[in-house]
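S.K.: Pasting a structure below so you can have a look.
The values are calculated or read from the model by the stated rules, or taken from the named source; none is laboratory data. Quantities reported herein were computed from a predicted structural model and do not represent experimental measurements. We place every Cβ from the backbone using ideal geometry, glycine too, and count neighbours over all the protein chains shown.
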């Protein structure tokens, strides 16, 4: 995955360098005319992830199937050319079936900052940062021969999303994004099992690709 990301990033970076070479030297003038990410415009977008995998351990009968999907909603306003400030809502769910049946849900909400690195009207590389609040829920059932053990964890905490990607713009209004994100969540949870209740702090880290689209508007719908 890391090799694929590095190749994709280098390719997009080279495209961005070529677009910068084709621009005039008067950057302020170009910012005000060529870039679709203009000061005062609104950006609203939707992107998501989906994956499925199956694993099997030698010596143990049965397979484990894991499905994961997520949905991200973003909206914000350009407070300067190429500098976006707004908010994001991210919901993810992962479920596994097999010897261990498990369902994990995370909900993230917080402010968002995007910076687009060039003023090319066709698109630009961007970097992203979003700190915020995280809600976490995990339910697991271990299926043994004689009994089933239930373990439930629930809590909240702080999270941060760091990303880099490329946004390709069509007709100055629609932008398609391909991004590589690293999610880090620090959560205080209460875990309830047959042995009692335990409070602990856990760290949840995800590395993933996302693909989505954004709409660029001069006014926020009205």
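S.K.: Return the residues of the range 76-91 that are surrounded by 18 or more Cβ atoms within 10 Å (Cβ to Cβ) and either in a strand (DSSP E or B) or touching a strand residue (DSSP E or B) at 6+ places or on another chain (Cβ under 6 Å) (or both); say none if nothing qualifies. Give the derivation first.
M.R.: Residues of the range 76-91 surrounded by 18 or more Cβ atoms within 10 Å (Cβ to Cβ): 76, 78, 81-82, 84, 86, 88, 90.
Correct list: 76, 78, 82, 84, 86, 88, 90.
S.K.: In addition: Any residue that is in contact with a helix residue (DSSP H, G or I) (Cβ under 7 Å, 6 or more places away or on another chain) and within 22 Å of residue 132 (Cα to Cα) - is there at least one of those in the range 171-180?
M.R.: First pass over the range 171-180, keeping only residues in contact with a helix residue (DSSP H, G or I) (Cβ under 7 Å, 6 or more places away or on another chain): 180.
Pick out the ones that are also within 22 Å of residue 132 (Cα to Cα) and you get 180.
Yes: one or more hits.
Conditions (1) at pLDDT 95 or above; (2) over 17 Å from the mean Cα position of the chain (by Cα); (3) more than 18 Å from residue 48 (Cβ to Cβ), marked per residue:
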| residue | (1), (2), (3) |
| --- | --- |
| 112 | yes, no, no |
| 123 | no, yes, yes |
| 131 | yes, no, yes |
| 146 | no, yes, yes |
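S.K.: I'm checking my understanding of the structure. Among residues of the range 47-66 that are assigned to a strand (DSSP E or B) and exposed (fewer than 15 other Cβ atoms within 10 Å of the Cβ), which one is modelled with the lowest pLDDT? It would help to see each step written out before you state the result.
M.R.: Keep residues of the range 47-66 that are assigned to a strand (DSSP E or B), which gives 47-55, 64-66.
Filter once more, keeping what is exposed (fewer than 15 other Cβ atoms within 10 Å of the Cβ): 50-55, 65.
Numbers: 50: 81, 51: 73, 52: 76, 53: 69, 54: 72, 55: 60, 65: 81.
For the range 47-66, the residue satisfying everything is 55.
S.K.: Related question: Just one of (1) within 24 Å of residue 161 (Cβ to Cβ); (2) assigned to a strand (DSSP E or B); (3) modelled with pLDDT under 85 trips up residue 13, so point out which.
M.R.: Going through the list (1) within 24 Å of residue 161 (Cβ to Cβ); (2) assigned to a strand (DSSP E or B); (3) modelled with pLDDT under 85, residue 13 breaks only (2).
S.K.: Do you know which residues across the range 210-222 are under 25 Å from the mean Cα position of the chain (by Cα) and surrounded by fewer than 16 Cβ atoms within 10 Å (Cβ to Cβ)?
M.R.: Listed by number, the residues that qualify are 211, 213, 215, 217, 220, 221.
S.K.: Consider residue 198 against the criteria (1) in a strand (DSSP E or B); (2) surrounded by 14 or more Cβ atoms within 10 Å (Cβ to Cβ): it satisfies all of them except one. Which criterion is unmet?
M.R.: Evaluating residue 198 over (1) in a strand (DSSP E or B); (2) surrounded by 14 or more Cβ atoms within 10 Å (Cβ to Cβ) leaves (2) as the failure.
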